[in-house]
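Written out below as structure tokens is the structure these notes cover.
The values are calculated or read from the model by the stated rules, or taken from the named source; none is laboratory data. Bear in mind the structure is a predicted one, so any value in this text is a computation, not a measurement. Please note: Cβ atoms are built from the backbone with ideal geometry, for glycine as well, and neighbour counts cover all protein chains shown. The accessibility values were calculated without ligands, DNA or RNA, using every heavy atom of the protein model including side chains. Shrake-Rupley method; radii C 1.70, N 1.55, O 1.52, S 1.80 Å.
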Amino acid sequence: IVFQGEGCRTVPLSGHVGFDSLPDQLVNKSVNHGFCFNILCVGETGLGKSTLMDTLFNTKFEGDPASHSQPGVQLKSSTYDLQESNVNLKLTIVSTVGFGDQINKEDSYKPIVEFIDAQFEAYLQEELKIRRVLHSYHDTRIHACLYFIAPTGHSLKSLDLVTMKKLDSKVNIIPIIAKSDAISKSELTKFKIKITSELVSNGVQIYQFPTDDESVAEINGTMNAHLPFAVIGSTEELKIGNKMMKARQYPWGTVQVENEAHCDFVKLREMLIRVNMEDLREQTHTRHYELYRRCKLEEMGFKDTDPDSKPFSLQETYEAKRNEFLGELQKKEEAMRQMFVQRVKEKEAELKEAEKELHEKFDRLKKLHQDEKKKLEDKKKSLDDEVNAFKQRKTAAELLQSQAQQAGGSQTLKRDKERKK
């Protein structure tokens, strides 16, 4: 087998073969299958995230207003099926409800990181299945993160720097200055320079539009210098001249959303959707997801090469992990058995102690019963003696009474005889 770069020969064709239609076949297959694109909107409450999404895709995404009374950050995901010409797009918009609302903002980034990792984990689990259905699997991995920066005109908030630093290795971050009409053009230029310098000094890696493709190298190189984009969103259309345009009406004038002299909305739409949407999808898969997948597999013990720099066998890795798992299972089983034996011994000791206490209590009660019985018998005997003594005294009294009666009768008879004489 001869691989490319190792001596492949170039041969001329003597006629038309037909494999030059492969790009057309790929386009037709992709169009029939449809595309998916997932956007994460991160920013504080009131920066116009929902309005900008409606403006970007020229529609009104239905959704109930989110409650901002939650104790932490909640991520709300909504999926829509869009169609333009004959191209179908499954668009998922994820918003961070309550971001920046808490008094303690220290852990505000954690729910966002956990959500992004959860989408990576779901895709990885689908890849590791025996029967995979990746062709029909709804890919929920975040392709682009629009980070909304408040138009303060001074510097980035600590919350913004910490959050972007935690997200830059997991998602393509595109920073944008929301509601940029709140500050003047000169302040906006200084604000952009300040933001860029702070991102560089803090080591935050934002998404750079690719310049390796000659067809888009010039425009992407130019647009990289405009980051972060200063945008304005509006779904209200006003008549300006002879045209209906999306704009915001103020007492002092009108701000046109699609006027590049007023804001960078058109630049954002061009770069995000019309030029680099596929690159964002590709970067998510080849860079961010690949990093997550590699770290996850390394945690599980999988490697590309063994210590001898030989290809690492998946079967050997599986067997080693299986044996390690069985060993740990046996250790846990033995520990549980020892714990069970110890618990049984402790319970037996408790039962023996309780049995001993019961015997001692029984002996005390038995002795108490015997003492009480003896006391009752003694009392009964004394009562019997008293009864016998009383009977004897009664008998003696009755005898004396009868003798007295007899003596009285004899004296009466004697007196009666003496009177007769």
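For this structure, a couple of remarks:
- Test result for residue 375, within 30 Å of residue 292 (Cα to Cα) and surrounded by 10 or more Cβ atoms within 10 Å (Cβ to Cβ): no
- Selected residue [in a loop (DSSP other than H, G, I, E, B) and open to solvent by less than 10 Å² (accessible area, probe 1.4 Å)] from 232, 176: 232
- Residue within the range 280-299 that is crowded, with 18+ Cβ neighbours inside 10 Å, basic (Lys, Arg) and at pLDDT 90 or above present: yes
- Conditions (1) under 30 Å from residue 30 (Cβ atoms); (2) part of a strand (DSSP E or B); (3) touching a residue at least 12 places away in the same chain (Cβ under 8 Å); number of the one not met by residue 81: (3)
- Subset of the range 196-215 (residues that are open to solvent by 30 Å² or more (accessible area, probe 1.4 Å) and either farther than 17 Å from residue 174 by Cα or aliphatic (A, V, I, L, M) (or both)): 200, 201, 206, 212, 213, 214, 215
- Pair list, Cβ under 7 Å, 6 or more apart: the range 193-219 residue farther than 20 Å from residue 282 by Cα and outside any helix (DSSP H, G or I), other residue open to solvent by less than 90 Å² (accessible area, probe 1.4 Å) and not polar (S, T, N, Q): 202/161; 204/161; 204/164; 204/168
- The lone exception for residue 59 - which of (1) part of a loop (DSSP other than H, G, I, E, B); (2) over 24 Å from residue 237 (Cβ atoms); (3) at pLDDT 85 or above; (4) hydroxyl-bearing (Ser, Thr, Tyr) it fails: (2)
- Total residues in the range 78-103 satisfying the condition of being open to solvent by 40 Å² or more (accessible area, probe 1.4 Å) and out of contact with any helix residue (DSSP H, G or I) (no Cβ under 7 Å at 6 or more places or on another chain): the figure is 11.
- If the condition is being surrounded by fewer than 18 Cβ atoms within 10 Å (Cβ to Cβ) and not basic (Lys, Arg), then the range 104-114 contributes 104, 106, 107, 111, 113, 114.
- Count - residues of the range 14-46 that are within 20 Å of residue 98 (Cβ to Cβ) and open to solvent by less than 20 Å² (accessible area, probe 1.4 Å): 5
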